[in-house]
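For reference, the structure discussed in these notes is given below.
The values are calculated or read from the model by the stated rules, or taken from the named source; none is laboratory data. Since we're looking at a predicted model, the values are computed, not measured. Positions of Cβ are generated from backbone atoms using ideal geometry, with glycine treated the same way; all protein chains shown enter the neighbour counts. All accessible areas refer to the heavy atoms of the entire protein, side chains included, with ligands and DNA or RNA removed. Shrake-Rupley method; radii C 1.70, N 1.55, O 1.52, S 1.80 Å.
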Amino acid sequence: MVKIAPSLLAADFACLEREVRRVEDGGADWLHLDVMDGRFVPNITFGPLVVKALRRLTRLPLDVHLMIEEPWLHLEAFARAGADILTVHAEACPHLHRVLQSIRGLGCRPGAALNPATPPEAVDYVLPDLDLVLVMSVNPGFGGQEFLPLSLAKIRAIRSRLRHLSGPAPLLEVDGGVTVERAGDLVEAGVDVLVAGTAVFAEPDAAAAIAALRRAGAAG
Ligand code: DX5
Ligand code: ZN
């Protein structure tokens, strides 16, 4: 069954505890946390201090998406803060394999993210080292953007590579512009995890929004 990872970026930051409770009680599988540095992406969000505070609020796995330059400098801080999954951008890591090994060495599950213009080949040789492949379906930096249809072909291409892996395959996650209307096509293309910011937090009933995404995914 498809996993739903609400992205806290679309939450009300004046009431984080209530917002986390809303999606945890609403049936979320993971909590997706968008870390931005104002360099790799134009926006700035939060760092390990906030991840640590959230760790105390929830039992949900923390899916930490690092949209930062030189992410290797901060892995230990995020691991100590309680991240379960640590995803770095392939574009930010000239030594991606080494960074993924470091993440595993810190006791976290390694993920690699691809911007819309980055081809699937960027992670071909590290697929066996990954627990998660994150396909960005918007240019990262902001919530509430329109889904880029080019992402569907990339999801299919990565899914077909994963089928040919001999060992356990990483999960395939899509992030950006995910809606109930698109969930079926995304799951049909091979997605395991739907990140959804606006589609969950902008809805008054988060549980209903999560259920609708899951239902639409199951029909895919
Ligand atoms: C974008 C972030 C996303 C964002 C998704 O840079 O990585 O996780 O919060 O938000 P929606 O679902 O609103 O596109
Ligand atoms: Zn994200």
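Below are the figures for this structure:
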read-out: Any chance Val180 is under 15 Å from Lys3 (Cα atoms) and either surrounded by fewer than 23 Cβ atoms within 10 Å (Cβ to Cβ) or within 14 Å of ligand 2 (Cβ to nearest atom) (or both); value: yes
read-out: Matching residues in segment 1-36 - criterion: being within 14 Å of ligand 1 (Cβ to nearest atom) and assigned to a helix (DSSP H, G or I); value: Leu8, Leu9, Ala10, Phe13, Glu19, Val23
read-out: Condition met for Leu127 (more than 16 Å from ligand 1 (Cβ to nearest atom), out of contact with any Phe, Trp or Tyr (no Cβ under 8 Å at 6 or more places or on another chain), open to solvent by less than 50 Å² (accessible area, probe 1.4 Å) and assigned to a helix (DSSP H, G or I)); value: yes
read-out: Residue within segment 80-90 that is in a helix (DSSP H, G or I), buried (at least 18 other Cβ atoms within 10 Å of the Cβ) and at pLDDT 95 or above present; value: yes
read-out: Criterion (away from ligand 1 (no atom under 14 Å from the Cβ), in contact with a Pro (Cβ under 6 Å, 6 or more places away or on another chain) and not in a loop (DSSP other than H, G, I, E, B)) met by exactly one of Ala153, Ala157; value: Ala157
read-out: Residue that is most open to solvent (accessible area, probe 1.4 Å) [pool: residues in segment 112-124 that are out of contact with any Ser or Thr (no Cβ under 8 Å at 6 or more places or on another chain) and in a loop (DSSP other than H, G, I, E, B)]; value: Ala117
read-out: Filter result (away from ligand 1 (no atom under 15 Å from the Cβ), out of contact with any Lys or Arg (no Cβ under 8 Å at 6 or more places or on another chain) and assigned to a helix (DSSP H, G or I)) within segment 55-74; value: Arg55, Arg56, Leu73
read-out: Every residue from segment 130-156 that is open to solvent by 30 Å² or more (accessible area, probe 1.4 Å) and of a type in the set (A, V, I, L, M, F, W, C); value: Phe142, Leu148, Leu150, Leu152, Ala153
read-out: Residue satisfying condition, being surrounded by fewer than 19 Cβ atoms within 10 Å (Cβ to Cβ), under 16 Å from the mean Cα position of the chain (by Cα) and within 16 Å of ligand 2 (Cβ to nearest atom), within set Pro61, Pro71; value: Pro61
read-out: Criterion: closer than 15 Å to Leu172 by Cβ and of a type outside the set (Ser, Thr, Tyr) - qualifying residue of Pro140, Pro128; value: Pro128
